[in-house]
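Step one of this worksheet: look at the structure below.
The values are calculated or read from the model by the stated rules, or taken from the named source; none is laboratory data. All figures in this text were calculated on a predicted structure; none of them were measured in a lab. We place every Cβ from the backbone using ideal geometry, glycine too, and count neighbours over all the protein chains shown. The accessibility values were calculated without ligands, DNA or RNA, using every heavy atom of the protein model including side chains. Shrake-Rupley method; radii C 1.70, N 1.55, O 1.52, S 1.80 Å.
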There are 2 protein chains.
Amino acid sequence: MRIGVVAPAGRIDEVVAARAMAFAAIAYPSVDLIFHPQCYRTDGGHFAGPDSARAAAFLEYANDPAIDALWFARGGYGSNRILADVIPNLGPAAKTKSYAGFSDMGFILGALYARRIGKPVHAPMVSSINNSNGGDAVIARTLSWLVDKDRRWLEPSLGKQPTVAFNLSILNNLLGTQWMPDLTDHVLMIEEVSEALYRVDRMLFQMANATQLKGIAGVRLGAISDVTPNTPEFAETPQQMIERWCKDMKVPFLGSADIGHVRTNKVVPFGLV
Amino acid sequence: MRIGVVAPAGRIDEVVAARAMAFAAIAYPSVDLIFHPQCYRTDGGHFAGPDSARAAAFLEYANDPAIDALWFARGGYGSNRILADVIPNLGPAAKTKSYAGFSDMGFILGALYARRIGKPVHAPMVSSINNSNGGDAVIARTLSWLVDKDRRWLEPSLGKQPTVAFNLSILNNLLGTQWMPDLTDHVLMIEEVSEALYRVDRMLFQMANATQLKGIAGVRLGAISDVTPNTPEFAETPQQMIERWCKDMKVPFLGSADIGHVRTNKVVPFGLV
């Protein structure tokens, strides 16, 4: 199986790529991990090359019938900036692939799902190989899904209802745009990292009031990690907030989800599995 | 003229209220500044009393025919949390008043403008009396507009086109919701404070892609102040970003606007003046 790696937002180092390839060679001998040289480029501080180069690398691999799946190198910021160049130019070969990543990659997963192109998958990215103690095990979840459709690392609540998973900031930034998918009857899982709690509450307001989210089946709360300190302290916990906003939204709060910017982050294929 | 003061988000101190009343008594003797006791309450760390108290105070003053205008005490976070209780319950007396504030108050100004209730006005709030050197002159802009329709402190580009002004984060949080006003043929002024530049770029993506903003006449850039440091540094300036996103959006970038979380922050009555 040939898995292409591109970096629609931030770059990775060649060393990280080499480590991921070494691990895959041993643990998944059937896999050929192909890193696009664009992964190592830099531009504007934040980006793995200019928008045009990131879009071109994505299109090259997505439209290549000899590549079976796309795996995103890492998050950061910037995948939103290539949507307009990428999404309308995806051809037949792009429509059968899986696309695996999360965090900033939610822009791409969401836009693909909005057009029902391919199989977007919330899953750990290549850069997680760098996690202290056990990065191998983290990226193995994504590889196990892409290679074997191994259900062991799926988020444990997945079952009868179509589901999606988003970073809350990215979901918010998709709302009101053409890139936001129709999530009628879907379970929506959200997670967040490095935000103050009042901002999380403000983002949940937008979720609860979003016209495009009327009709979702329910909400699950992933990890709200590395909360940014803020004075005064917010009086509610993330769970209390989301229960209140779900009540306002008149959709059930379904409990927790094992996703987020945390080591345990599980796999959530968009839709039904 | 009786101007009622309420605090839909954060509280103010009695000392601040006393200072504003003292200034108004001398500079605007015709004005009776009436602070609702709710302004001094606290709840959940962030709020000037619980949501119910903030909504009740707003409704009490907005629906009182003996009060000529509402002026918001300060920003912070939380005015979004009272919209659902406030907006549907505004009666005839509320429909002729001006409502003056900015920053977090953009939730209220936007929702009022969406329903074409009263006259929302982007303007300095009571708490600006506390600005070091010259807080008096800052709040005088708002009072001059409310009392005399004094055009000296209007944002200088205001003229032939209907205009609105928003904090970019607040605008983003309104997008995709029922609280977002129709801004067809309007000039949109935006400002931001205490955000990293990559986040400003991400918010501008949402503005540029928002279905509800198709048809605006143009965009003006207010102050992007107290930018939060971020590594790596973002390569573009706010002006470069907004010019790029306006091009994507196919609306003209009209230049700067003298608004924001800065001392010079001018008055922008929503619509035509």
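Taking the range B:169-203, which residues are part of a helix (DSSP H, G or I) and within 16 Å of the chain's Cα centre (by Cα)?
B:169, B:170, B:171, B:172, B:173, B:174, listed by residue number.
Which condition number does residue B:202 fail, the rest of (1) within 14 Å of chain A (Cβ to nearest Cβ); (2) open to solvent by 10 Å² or more (accessible area, probe 1.4 Å); (3) touching a residue at least 12 places away in the same chain (Cβ under 8 Å) being met?
Only one criterion is unmet by residue B:202, namely (3).
So if I check each of A:65, A:8, A:29, which one is outside any strand (DSSP E or B) and within 18 Å of residue A:124 (Cβ to Cβ)?
Result of the check over A:65, A:8, A:29: A:8.
For the condition in a loop (DSSP other than H, G, I, E, B) and either within 11 Å of chain A (Cβ to nearest Cβ) or closer than 25 Å to residue A:194 by Cβ (or both), what is the one hit in B:208, B:235?
Only one candidate qualifies: B:235.
Is it the case, given these coordinates, that residue B:249 is open to solvent by less than 40 Å² (accessible area, probe 1.4 Å), under 23 Å from residue B:181 (Cα atoms), touching a residue at least 40 places away in the same chain (Cβ under 8 Å) and within 14 Å of chain A (Cβ to nearest Cβ)?
Here the answer is yes, as residue B:249 does meet what is asked.
Exactly one of (1) in a strand (DSSP E or B); (2) free of Cβ contacts under 8 Å to residues at least 12 places away in the same chain; (3) not polar (S, T, N, Q) is unmet by residue B:164. Its number?
(2)
Whether any residue in the range B:98-113 is more than 23 Å from residue B:191 (Cβ to Cβ) and either basic (Lys, Arg) or out of contact with any Cys (no Cβ under 9 Å at 6 or more places or on another chain) (or both) is what I want to check.
Looking for residues that are more than 23 Å from residue B:191 (Cβ to Cβ) and either basic (Lys, Arg) or out of contact with any Cys (no Cβ under 9 Å at 6 or more places or on another chain) (or both), one finds none in the range B:98-113, hence no.
Looking at the structure I just gave you, is residue A:243 more than 9 Å from chain B (Cβ to nearest Cβ), among the acidic types (Asp, Glu) and surrounded by 20 or more Cβ atoms within 10 Å (Cβ to Cβ)?
no
Report whether or not residue A:183 is free of Cβ contacts under 8 Å to residues at least 40 places away in the same chain, more than 19 Å from residue A:26 (Cβ to Cβ) and crowded, with 21+ Cβ neighbours inside 10 Å.
yes
Just one of B:104, B:85, B:43 is within 14 Å of another protein chain (Cβ to nearest Cβ), under 27 Å from residue A:230 (Cβ atoms) and open to solvent by less than 10 Å² (accessible area, probe 1.4 Å); which is it?
After applying the criteria, what remains is B:104.
Taking only the range B:137-152 into account, find how many residues are of a type outside the set (Val, Ile, Thr), in a helix (DSSP H, G or I) and open to solvent by 10 Å² or more (accessible area, probe 1.4 Å).
Adding up the residues that qualify gives 7.
Which members of the range A:54-68 meet the condition of being open to solvent by less than 20 Å² (accessible area, probe 1.4 Å) and either of a type in the set (Val, Ile, Thr) or farther than 10 Å from residue A:5 by Cβ (or both)?
A:54, A:55, A:58, A:62, A:67
Within the range B:7-26, how many residues are touching a residue at least 24 places away in the same chain (Cβ under 8 Å) and crowded, with 17+ Cβ neighbours inside 10 Å?
Counting residues in the range B:7-26 that are touching a residue at least 24 places away in the same chain (Cβ under 8 Å) and crowded, with 17+ Cβ neighbours inside 10 Å gives 12.
Those residues that are closer than 16 Å to residue A:214 by Cα and either within 14 Å of chain B (Cβ to nearest Cβ) or of a type in the set (Asp, Glu) (or both), I need them from the range A:160-177; list them, please.
Hits for the range A:160-177 are A:171, A:172, A:174, A:175, A:176, A:177.
Can you go through A:262, A:219 and tell me which one is among the β-branched types (Val, Ile, Thr), out of contact with any His (no Cβ under 7 Å at 6 or more places or on another chain), buried (at least 21 other Cβ atoms within 10 Å of the Cβ) and more than 10 Å from chain B (Cβ to nearest Cβ)?
Going through A:262, A:219 in turn, just one is among the β-branched types (Val, Ile, Thr), out of contact with any His (no Cβ under 7 Å at 6 or more places or on another chain), buried (at least 21 other Cβ atoms within 10 Å of the Cβ) and more than 10 Å from chain B (Cβ to nearest Cβ): A:219.
With the structure loaded, tell me whether residue A:227 is more than 12 Å from every other protein chain (Cβ to nearest Cβ), β-branched (Val, Ile, Thr) and farther than 23 Å from residue A:113 by Cα or whether it fails that test.
The answer is yes for residue A:227.
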